[in-house]
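Enquirer: I have a structure here, written as structure tokens, and I will follow up with some questions on it.
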Amino acid sequence: MDALEHITELSLFPLQTVLFPGGQLPLKVFEQRYIDLVRDSVRDRTGFGVCMLAPNDNGPTGIARIGTYVEIEDWYLRDDGLLGITTKGIRRFRMSRIWAQDNGLLCAEVTWVDETTAPVPAECGVLVTLLRQIAEQTKAPMPDMNEPNMDEASYVSNRLAELLPLEILERQQLLEAVDPVERLRKIFIMLRDLQARQDDEEPGLDS
């Protein structure tokens, strides 16, 4: 991660999704500005920033100021003839200034968010069990799912934030929670709210 400290500007790939460090994100690339971005990233062995497009009732508007720096793990030609890439989240960043290049590609001046580590506290141990259950039931690919990581609050919270059926703005809130233990506790609250939403959606016995 220290190798990133000298980078103060990033090209951006805004999306209606939230990616966490350690997570994988496949992308379909068809706009010329992003094809150029991928070409330059592969050529120069550099990454770029993925950030959330903030949604509203009329479609996306604005972008979140905290995103995730990604690197390209693989690139390929899709069956539909479009370029496909697989990216991996590396580290969070915070944007202080954003501008557009002549081709419409957004760029940002960035500072890096420290990725702190901490053990999973005892009161959050049930979330480790939940993560194991989700991984087993969904067969979701989760790299580095081993015992050392399953005891680490950052890994567990990041993977749960990806896999749980949360709203996009809830995921962004978790991305912006720098303290991994705080992130786990936020997940507890969101799980309670998620259960309440599901209970409200279930039809009553007399419906």
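The values are calculated or read from the model by the stated rules, or taken from the named source; none is laboratory data. Remember, predicted model here, so these are calculated numbers, not experimental data. For neighbour counting, all protein chains shown are included, and Cβ atoms are generated from backbone atoms with ideal geometry for every residue, glycine included.
Enquirer: Pick out the one residue from L53, L77, L27 that is over 19 Å from the mean Cα position of the chain (by Cα) and of a type in the set (A, V, I, L, M, F, W, C).
Expert: None of the others qualify; the one that does is L77.
Enquirer: Now for a different question. What number goes with the only condition from (1) polar (S, T, N, Q); (2) modelled with pLDDT under 90; (3) under 29 Å from I35 (Cβ atoms) that N149 does not pass?
Expert: (3)
Enquirer: May I ask you to say which residue of A108, A161, A118, A135 is surrounded by 11 or more Cβ atoms within 10 Å (Cβ to Cβ) and in contact with a strand residue (DSSP E or B) (Cβ under 7 Å, 6 or more places away or on another chain)?
Expert: Only one candidate qualifies: A108.
Enquirer: Here are the criteria: (1) surrounded by 19 or more Cβ atoms within 10 Å (Cβ to Cβ); (2) of a type in the set (F, W, Y); (3) free of Cβ contacts under 8 Å to residues at least 24 places away in the same chain. Tell me which single one Y76 does not satisfy.
Expert: (1) is the only condition that Y76 fails.
Enquirer: Taking K88 and the conditions (1) farther than 30 Å from V181 by Cβ; (2) surrounded by 16 or more Cβ atoms within 10 Å (Cβ to Cβ); (3) charged (D, E, K, R), which numbered condition does it fall short on, given that it satisfies the others?
Expert: (1)
Enquirer: Select from the range 92-129 the residues that are without any contact (Cβ under 8 Å) to a residue 40 or more places away in the chain and farther than 30 Å from D36 by Cα and list them in ascending order.
Expert: Matches in the range 92-129: P119, A122, E123, G125, V126, V128, T129.
Enquirer: At least 3 residues that are over 21 Å from L174 (Cα atoms) and at pLDDT 90 or above in each: list the strands (runs of 3 or more DSSP E) lying fully within the range 1-107 that qualify.
Expert: Of the strands (runs of 3 or more DSSP E) lying wholly inside the range 1-107, those with at least 3 residues that are over 21 Å from L174 (Cα atoms) and at pLDDT 90 or above span 9-15, 24-29, 66-77, 83-100.
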